[in-house]
Amino acid sequence: MTSNYTGEPPSAAVEPAQGSPTPLGAQRAQARSLAAGRLRERISGGHWAPGTKLSEHVIAQELGVSRNTLREAFTVLAGESLVDRLPNRGVFVARPTADDVREIYNARRIIEPGAVLWGSCSEQVLTRLWSVIEAARTARGAGDITGMGDANQRFHGGLVSLTGSDTLVTTMDRLLARMRLVFHSMSTDPGFHGDYVDRNAELLRLLEAGERELAAQTLREYLSSAETQLLDNMG
C-alpha cells in the first residue's frame, strides 16, 4: 500500500535553514520535532486509516526533510504508539487494540475531570467551547461524521487547555491522536459522535453554572460509556 499523504508541498520544508547559528544537534532535534508534529497532526486529523503504510521516500520529499530526519520522527511517533515499525516491512499507522483503548481512557478519566474541577473557566474559554459545540451540531445536521469527530477532538482538547499547562495539553494532544485511530472503527456510525454532541453541551452547561464536581462526575461516566461502546464494537 502506498502513502496517501496530502501534506504541504516540498517548499514548506521543516529542515532548519542553512547557516543557522543553532548548534547542529539542536537543529536536528528541531527538525525531528517539527516533522513528528506534522505527522501527528495528519494522524490526529484522520487523514490516515489504521494500518496505512507510510512511504519514507514520498513523505520525506513532501515534508522537505532528509530520510534520516524522517526515520527519527517515526521513532518519536512509535514511542507514542501512533505508528508501528515492522522489520523488513516498513512503517505503518498503528492499529489500536482493546488494551490500547483501556489505557487511553484510564488516562483521560484522570486528566479531563481534573481539568474540569480545577481549570480556569473564563467567559472567553467557555465561548470558544460553545463555538465548537455549534460546529458539531452543524456537522451532525449535515450527516458529516468526520466533522463531528473533528469537533469532538477540539472540545476535549479545549477542556484540558483550561489547566493552562503546556505539559498536560501536549499529553492530551498525543492521546487525541491515538483516539482518532480508535474512532476510525466507528467512522460509519453517525450515532456514535452524534450522541456525544448533546453530552458535550450538557457538560458545558454544568461548567457555566459552576457545578464543577457534578461536571467532573458526568465526564467520568461519559468517558466510561464511550470506552464500553468502543470495546464492544471491537468485539
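The values are calculated or read from the model by the stated rules, or taken from the named source; none is laboratory data. This one's a predicted model, so the numbers in the text were calculated from it and none came from an experiment. Positions of Cβ are backbone-derived with ideal geometry, glycine not excepted, and every protein chain shown enters the neighbour counts. These accessible areas exclude ligands, DNA and RNA; they are computed on the full protein's heavy atoms, side chains included. Shrake-Rupley method; radii C 1.70, N 1.55, O 1.52, S 1.80 Å.
Among the residues of the range 67-85, the one identified as part of a helix (DSSP H, G or I), buried (at least 17 other Cβ atoms within 10 Å of the Cβ) and either without any contact (Cβ under 8 Å) to a residue 12 or more places away in the chain or among the acidic types (Asp, Glu) (or both) is Glu72. Filtering the range 157-174 to residues that are in a helix (DSSP H, G or I) and either touching a strand residue (DSSP E or B) at 6+ places or on another chain (Cβ under 8 Å) or buried (at least 23 other Cβ atoms within 10 Å of the Cβ) (or both) leaves Leu159, Val160, Met172.
For the range 86-108, the candidate set comprises residues that are assigned to a helix (DSSP H, G or I) and among the hydrophobic types (A, V, I, L, M, F, W, C); within that set, the residue that is farthest from the chain's Cα centre (by Cα) is Ala98. Look at (1) modelled with pLDDT under 90; (2) in a helix (DSSP H, G or I) and you find that Ala49 fails only one, number (2). When the range 86-120 is filtered for residues that are open to solvent by 70 Å² or more (accessible area, probe 1.4 Å) and under 30 Å from Leu162 (Cβ atoms), the ones remaining, listed by number, are Asp99, Arg102, Glu103, Asn106, Ile110, Trp118, Ser120. Does Gly143 fit the bill of being open to solvent by less than 60 Å² (accessible area, probe 1.4 Å), outside any helix (DSSP H, G or I), over 20 Å from Thr97 (Cα atoms) and without any contact (Cβ under 8 Å) to a residue 12 or more places away in the chain? Criteria not met by Gly143. When we screen Asn152, Asn233 for residues that are closer than 26 Å to Glu80 by Cβ and either open to solvent by less than 50 Å² (accessible area, probe 1.4 Å) or modelled with pLDDT of 95 or more (or both), the only hit is Asn152. Do the conditions hold for Leu162, that is, is it within 14 Å of the chain's Cα centre (by Cα) and touching a residue at least 12 places away in the same chain (Cβ under 8 Å)? The answer is no for Leu162. Anything in the range 175-198 that is among the charged types (D, E, K, R) and either open to solvent by less than 10 Å² (accessible area, probe 1.4 Å) or modelled with pLDDT of 80 or more (or both)? List them, or say none. Within the range 175-198, Arg178, Arg180, Asp195, Asp198 qualify.
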